[in-house]
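Undergrad: Just passing along the structure, written as structure tokens.
The values are calculated or read from the model by the stated rules, or taken from the named source; none is laboratory data. Keep in mind that this is a model prediction, so the values were computed, not measured. All Cβ positions, glycine included, derive from the backbone under ideal geometry; neighbour counts span all protein chains shown.
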Amino acid sequence: MIPALTISLVGDSLAMIALILRVHDQGGGTSGIALLMVAFALPTVLAMGVAGHIADRFDSRPVLMVSTSVQVLACAGLASFGNRWSTYAFVVLLQWGQAVSSPTWGALTPRIAGDEDMGRVISLQRSLLAASGIAGAALAGLLVGTHGTATALWVDCGTFGAVVLAAGLVRTRRGGRHEASRRCAEPVDVARPHTFDGLRILRRDSLIWLIFCWTIPFIIVLEGVNVVEVFLVRDDLGASPTTYGLLEAFFGTGAVAGSWAAGRLATDDSRVRGVLIGSAGTALSIAFAGLAPTVAVLAVCLVLLGIFNGGANTAIGPLYVLRPAEAERGRVLAAINGVSRAGSILALGLGGLVGGWLGPRVIFVAGGVCALMVVAALAWSLRGLDRTPRLPEEVLAPALGAA
């Protein structure tokens with residue numbers, strides 16, 4: 001499973017950079033880049049209720065094979081049709097598949113690896129994500145610069161084919177008839193999908209609910225910065241497409257180190273501290289990146305950004321995956337993905353509107369300062385909050401019965 005997903009992550013990074021460069025070179029401007037990012041985000045928002053229901057209730061193997069096959073078709077369309085509007089349409093199709101496959105994989109992984117090892121597993125996943133970003137970014141810059149965008153997208157299409165094969169080979173399964181014993185103990189209305197099911201489940205746990213609520217404005221700031229990054233690199237600093245891809249690789253290098261360090265955190269309390277430190281470092285790195293006078297200085301800022309952001313993401317992952325009950329994890333992960341993407345859409349709209357007016361450097365500096373203020377507010381909200389891990393229902397039930 002992990003080798004195939006790693007190959008797919010390389011393709012994802014490659015495709016994202018290739019498509020950003022395609023829209024930029026077609027004269028899309030900040031609004032064109034923002035619309036591309038909205039196309040990536042919108043399906044996850046609209047599908048979060050249904051996707052979570054599918055992840056928790058249906059057999060994971062056919063769900064993963066069908067959703068990933070949809071992504072293969074979307075990638076083939078992106079490679080075959082190069083105009084901007086067909087690009088947006090196929091990206092939407094691609095993300096419909098992703099909206100379903102992501103919570104399904106996320107909820108299945110603890111069953112494969114075991115809850116006790118999830119900290120290390122998430123660290124490995126984040127490290128592989130970052131390493132894949134390095135490979136994909138560098139490959140994207142080279143392929144787009146030498147062979148064009150279509151070649152890069154055909155490579156991505158092949159990586160999704162590897163994931164389809166992996167989904168069929170994974171023996172561990174979740175959902176469908178594999179949940180018969182658990183389903184007997186669940187309320188009847190779980191069978192009916194509702195858009196905000198995952199959020200209602202998330203609210204039961206004050207710790208992850210607070211972290212989740214305060215990370216949404218943080219995400220808005222980060223995504224708003226992403227809209228103008230290509231303009232800072234290509235226009236303000238005069239870098240080539242190949243250099244742009246290599247700069248993304250510097251970010252990935254830092255993220256590998258940050259993910260590895262955060263994977264050593266073994267308690268919820270230490271993970272919360274990791275989220276706060278990583279988020280604060282991320283905010284400062286963004287602000288300094290906006291002040292970078294040369295590509296070399298920007299590369300250093302991106303390494304630091306990767307370290308802190310990779311650490312924060314790895315620290316927060318086990319909190320979201322392990323604190324909810326096992327049978328509810330698909331809905332929780334789908335809700336987190338959906339609301340986070342909704343914040344991204346808001347940020348992308350703001351970035352597209354404001355980016356051309358203020359310029360990329362001002363957006364970077366202002367975004368970093370705003371993100372730091374959000375981290376301070378989160379730290380204040382978490383003071384004195386009980387961080388004891390929640391015991392899931394499958395652990396509580398036998399204990400209560402014995403009593």
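Undergrad: Restricting attention to segment 95-104, report how many residues are without any contact (Cβ under 8 Å) to a residue 40 or more places away in the chain and closer than 17 Å to Ala18 by Cβ.
TA: The total comes to 0.
Undergrad: Moving on to the next point. Based on this model, can you work out whether Gly28 counts as among the small types (Gly, Ala, Ser), surrounded by fewer than 24 Cβ atoms within 10 Å (Cβ to Cβ) and either touching a Pro at 6+ places or on another chain (Cβ under 8 Å) or modelled with pLDDT of 85 or more (or both)?
TA: Against the criterion (among the small types (Gly, Ala, Ser), surrounded by fewer than 24 Cβ atoms within 10 Å (Cβ to Cβ) and either touching a Pro at 6+ places or on another chain (Cβ under 8 Å) or modelled with pLDDT of 85 or more (or both)), Gly28 does not qualify.
Undergrad: Search segment 74-88 for residues being surrounded by 16 or more Cβ atoms within 10 Å (Cβ to Cβ) and free of Cβ contacts under 8 Å to residues at least 40 places away in the same chain, and hand back the single one that is nearest to Thr44 (Cα to Cα).
TA: Among those residues, the one meeting the criterion is Ala74.
Undergrad: Moving on to the next point. For segment 233-249, enumerate the residues that are at pLDDT below 85 and of a type outside the set (Gly, Ala, Ser).
TA: Answer for segment 233-249, where residues must be at pLDDT below 85 and of a type outside the set (Gly, Ala, Ser): Arg234, Asp235, Asp236, Pro241, Thr242, Thr243, Tyr244, Leu246, Leu247, Glu248.
Let's see how each residue does on (1) assigned to a loop (DSSP other than H, G, I, E, B); (2) at pLDDT below 85; (3) aliphatic (A, V, I, L, M); (4) in contact with a helix residue (DSSP H, G or I) (Cβ under 7 Å, 6 or more places away or on another chain):
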| residue | (1), (2), (3), (4) |
| --- | --- |
| Arg182 | no, yes, no, yes |
| Pro193 | yes, yes, no, yes |
| Cys213 | no, no, no, no |
| Val228 | no, yes, yes, yes |
| Ala266 | yes, yes, yes, yes |
| Asp269 | no, no, no, no |
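Undergrad: With respect to Met37, is the statement that it is touching a residue at least 60 places away in the same chain (Cβ under 8 Å), more than 25 Å from Leu222 (Cβ to Cβ) and either aliphatic (A, V, I, L, M) or in a helix (DSSP H, G or I) (or both) true?
TA: Taking the combined requirement at face value, the residue does not satisfy it.
Undergrad: With outside any helix (DSSP H, G or I) and modelled with pLDDT under 75 as the only criterion, which of Arg383, Arg387 stands out?
TA: Arg387
Condition check ((1) modelled with pLDDT under 80; (2) over 19 Å from the mean Cα position of the chain (by Cα); (3) in a helix (DSSP H, G or I)) across all residues:
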position	(1), (2), (3)
Phe90	no, yes, yes
Gly97	no, no, yes
Gly119	yes, no, yes
Ile122	yes, no, yes
Val155	no, yes, yes
Ala166	no, yes, yes
Glu179	yes, yes, yes
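Undergrad: Can you work out which of the residues in segment 338-351 that are surrounded by 24 or more Cβ atoms within 10 Å (Cβ to Cβ) and not hydroxyl-bearing (Ser, Thr, Tyr) is farthest from Leu265 (Cα to Cα)?
TA: Gly351
Undergrad: Here's a check for you: in segment 243-266, which residue that is farther than 14 Å from Phe308 by Cβ and either touching a Lys or Arg at 6+ places or on another chain (Cβ under 8 Å) or free of Cβ contacts under 8 Å to residues at least 40 places away in the same chain (or both) is surrounded by the fewest Cβ atoms within 10 Å (Cβ to Cβ)?
TA: Leu265
Undergrad: Oh, and also: Of Asp205, Asp189, which residue is out of contact with any helix residue (DSSP H, G or I) (no Cβ under 7 Å at 6 or more places or on another chain) and modelled with pLDDT under 80?
TA: Answer to the check: Asp189.
Undergrad: Go through segment 208-242 and count every residue that is surrounded by 22 or more Cβ atoms within 10 Å (Cβ to Cβ) and among the polar types (S, T, N, Q).
TA: 1
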